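Notes follow the structure.
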Amino acid sequence: MSLHKIEDFDANYHEQNSQEHIRGFDLYSKEEKVGSADDLLVDDDGRIRYLVINTGIWIFGKKVLLPIGCSQVDYDTQRVYAVNLTKAQVEALPEFTDDMTVDFDYEHRVRQVYRPSSSFSVFDSSGVGYAGYGTDPPVRTDTSTSSGVGYAGYGTDPPARTDTAISSGVGYAGYGTDPPAPPYVPTSYGVGYEGYENAPPTPGRALSPDTDHSAAVDHCDSYTYQQDPSLYEMNDQNHQWLKLYEERLVANRKQHNLGRSL
């Protein structure tokens, strides 16, 4: 399903009150101002999925996506609160540019950072690490690529099997002396090379979070936003005007599609 900027999707966008589309509202993380809400992204049905947020106060010029369910809107003060957003998350998120097309792989990378079981919900760290191997930890010839979570944090060799993991991490990180016996299927969605749906990857081979999603939880042909309600569901308390606006967008789209089918 494609995503569209609100002005491209809603022909009457410029006639709407800013209270509805919240573009230009200040962006806060807790009580710290970190940027602004610059745009909305909606899907083909008119459902609001993301805010495009400018995090320039934290990282100059960087725009990223904030799933709508991770926001709270204060209409009286014209503020958007990014719930539990950290600078480490912003650093790890892929950058959004105004002329880009958001595809499935891009959204997958965004979800990996925001999901509640992500390492970013526990650690204020931007690393990824070697968490979540299918049957065995990386061989001694592997070199760590990150200072993050899991087996990350060593110099050139991964820890020996008798070593104690140095982090409570994600995936297979955080055990006492030995990894769990194979076969093992990780159950979390977090960050690292973990989160496989049915079967772990081939022994000794890690999934790349950027290029290989064939065994990952998110499948392009079956994923629905309902699988991540904490990321994409709005409520009356935090999104009153946005929900009303979305209802109109969805109704207008249905009417448009009906007219085309006649």
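The values are calculated or read from the model by the stated rules, or taken from the named source; none is laboratory data. Given the structure is predicted, the values throughout are model-derived calculations rather than measurements. Here the Cβ positions follow ideal geometry from the backbone for every residue, glycine too, while neighbour counts run over all protein chains shown. These area figures cover heavy atoms from the full protein model, side chains too; ligands, DNA and RNA do not enter into them. Shrake-Rupley method; radii C 1.70, N 1.55, O 1.52, S 1.80 Å.
Here are the numbers for the structure shown:
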| item | result |
| --- | --- |
| Karplus-derived HN-Hα couplings along segment 35-42 (A = 6.51, B = -1.76, C = 1.60, θ = phi - 60°), whole Hz, x at Gly and Pro | x, 8, 8, 9, 6, 10, 10, 10 |
| Isotropically averaged projected area of segment 60-115, using the convex hull of Cα atoms (one quarter of hull area), nm² | 4.6 |
| Theoretical gain in end-to-end length, A251 to D98 [0.36 nm per residue, Cα-Cα removed] | 52.4 nm |
| Sparse-neighbourhood loop sites, trypsin sites (Lys or Arg not before Pro) in segment 1-109 - DSSP loop, at most 13 other Cβ within 10 angstrom | K30 |
| GluC sites (Glu not before Pro) within segment 1-61: DSSP coil, no more than 12 neighbouring Cβ in 10 Å | E31 |
| Under 20 Å from the Cα of K62 - lysines, other chains or at least 8 residues apart | K5, K30, K33, K87 |
| Sparsely packed GluC sites (Glu not before Pro) within segment 47-118, loop by DSSP, other Cβ within 10 Å at most 16 | E95 |
| Accessible heavy-atom area order of D39, D44, highest first, probe of 1.4 Å | D44, D39 |
| HN-Hα J in Hz across segment 60-70 - Karplus 6.51, -1.76, 1.60, θ = phi - 60°, x for Gly and Pro | 4, x, 8, 9, 9, 9, 10, x, 4, x, 8 |
